[in-house]
Amino acid sequence: MININAIEKITDLLNPRRIRKYVLIWCSSGSAVIIVDEKEFHLEANTLITITSGQIHYLKESNNAKGFALEFTYDFFCKNDNDVELIFHNSLFCHFAMNEIILLNKSEVVGFQLKLIESELLEKPYQYLVSTHSRIELILIEANREKLKQGGEIYKPDALFLKFLETLRANFDKKPSVRQIASTLGTTESKLNELAKFHTGRTAQSVIFGLVVSEAKRLLTYEKLSVKEVAFRLGFDDPFYFSNFFKKETKISPKMYQEKFSI
């Protein structure tokens, strides 16, 4: 549900990992190189990076890096639409591989809250989970403020669109259509297309294709599944059809992609 650890003590962060939690890594001193999916990020003192649930990540290099890695599930944090919108506000956590380093001019605010979260989870006082939830809110708000100070534009996502993304991610194996997801969410295909166009400039179906390709890449490189296994994991009955789909979207065959980028 939620946990926090000092960067220097997380042994499983040294190897590529993929967890169903949202991860926030804050570097208080020293420096580190973090790999997220196919990209490399350099963390310096007073910076943080957010990693979306399901993204492959690991600590490639540490130069006396100290700080915290906070991990929490979607279900723990997202109690209502406001929480859903906050977690993705200004693309803080993003399903479209838009990770970025955020410099914190008021790093003591984030550092203080992370230390209090560590204490809360260790001691478990009365209503400690409620307190922890509030402290995560403060951290995300501070990160958003810093992004805006650094020239970012205010981007407030719609909770329904984010639920569309989460529903898809939880049902890759069923290969859901826009219509099926709309029915699950109690809305219409037209509404999902409207939201997808507003948030991404693409149709809802195009968004689905993009996330399916991202998932396929992770299954090929991290889990090292065969093309056939990946196809079935993503709801494709025909591996040949999946291969053609993947190549059409990425301009490279899944087999070649696996050989080139396998971790």
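The values are calculated or read from the model by the stated rules, or taken from the named source; none is laboratory data. Note that this is a predicted model, so its numbers are computed, not measured. In this analysis, Cβ positions are derived from the backbone assuming ideal geometry, glycine residues included, and neighbour counts consider all displayed protein chains.
Considering every residue within segment 150-159, establish whether at least one is of a type in the set (Phe, Trp, Tyr), in the same structural domain as MET256 (by TED's automatic domain parsing) and either closer than 30 Å to VAL110 by Cβ or surrounded by fewer than 18 Cβ atoms within 10 Å (Cβ to Cβ) (or both). No, that holds for no residue. Kindly indicate whether ILE25 is outside any loop (DSSP other than H, G, I, E, B) and either outside the structural domain of LEU138 (by TED's automatic domain parsing) or closer than 21 Å to GLU215 by Cβ (or both). No: the conditions fail for ILE25. Pull up segment 75-88, narrow it to residues that are more than 19 Å from ARG145 (Cβ to Cβ) and out of contact with any strand residue (DSSP E or B) (no Cβ under 7 Å at 6 or more places or on another chain), then point me to the one that is modelled with the lowest pLDDT. It comes out as VAL84. Taking the criterion of being surrounded by fewer than 14 Cβ atoms within 10 Å (Cβ to Cβ) and more than 29 Å from ALA159 (Cα to Cα), would at least one residue in segment 67-86 satisfy it? There is no residue in segment 67-86 that is surrounded by fewer than 14 Cβ atoms within 10 Å (Cβ to Cβ) and more than 29 Å from ALA159 (Cα to Cα). The residue of segment 160-191 that is surrounded by the fewest Cβ atoms within 10 Å (Cβ to Cβ), among those that are assigned to a loop (DSSP other than H, G, I, E, B) and not β-branched (Val, Ile, Thr), is GLY186.
The number of residues in segment 86-100 that are farther than 12 Å from LEU165 by Cβ, in contact with a Leu (Cβ under 8 Å, 6 or more places away or on another chain) and in a loop (DSSP other than H, G, I, E, B) comes to 1.
GLY54 fulfils the conditions (1) part of a loop (DSSP other than H, G, I, E, B); (2) exposed (fewer than 15 other Cβ atoms within 10 Å of the Cβ); (3) of a type outside the set (A, V, I, L, M) except for a single criterion, (2).
Name the residue that is nearest to VAL230 (Cα to Cα), counting only residues in segment 175-191 that are of a type outside the set (Ser, Thr, Tyr) and either at pLDDT below 95 or in contact with a Leu (Cβ under 8 Å, 6 or more places away or on another chain) (or both). Ranking the candidates gives LYS175 first.
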